[in-house]
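Shown next, in structure tokens, is the structure this report addresses.
Just so it is clear, none of the values below were taken in a lab; they were calculated from the coordinates. Here the structure is a predicted model, which means the values were calculated and not measured. Here the Cβ is made from the backbone with ideal geometry for all residues, glycine too, and neighbour counts use every protein chain on show.
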Amino acid sequence: MKAIEEIRNHPLYVEYYQKLEQEEKGRIFCCHQMGHLLDVARIAYIKNLEQKLDIRKEVIYAAALLHDIGKYRQYANGIPHEKASAEIAEVILSEIAEDAFSETEKASILRAILGHRRFREDMEALERLIYTSDKQSRNCFDCKAQKECDWDADKKNFHLCV
Ligand SMILES: [Fe+2]
């Protein structure tokens, strides 16, 4: 998983992750930090195995780790975070080891990041995986801020997804 550590340690990733951490201090709603990013990666990888999608583990972890990295820019400037995350991810993916991901895999990771907030019937396999895992990672049934949260009721998890 060398490529994943390259992403996590990339200066741009570190910079935006630290800004995000700072911004989400004291936040009562869901955060977008490592716990969430790894929940998404692990749920997505389990689904990948269950559904026999055969997507490389590194590709799933890269998409999961990067999908919310632009969230700070949404807090700061109102830029939708799927767009900000895809922009940041594109730079990072172009600067890590050339053989880490094929061009097709990079395009698929960027599409998954861009598409992770809204369901579409024609989603690609990785896009759908990240969308679904992102939603299932949230434990709304156990959340103290559930009443104040502006997520649509049909997106909230009122029961444990197994
Ligand atoms: Fe997320």
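Points to keep in mind about this one:
- Burial ordering of E5, E98, E58, fewest other beta-carbon atoms within 10 Å first: E98, E5, E58
- Sequence of F158, F119 once ranked by neighbouring C-beta atoms within 10 Å, starting from the fewest: F158, F119
- Sorting K155, K19, K52 from the fewest to the most surrounding beta carbons within 10 angstrom yields K52, K155, K19.
- Stokes-Einstein D for the chain, Kirkwood Rh over Cα pairs, 20 °C, 1.002 mPa s (µm²/s): 134 µm²/s
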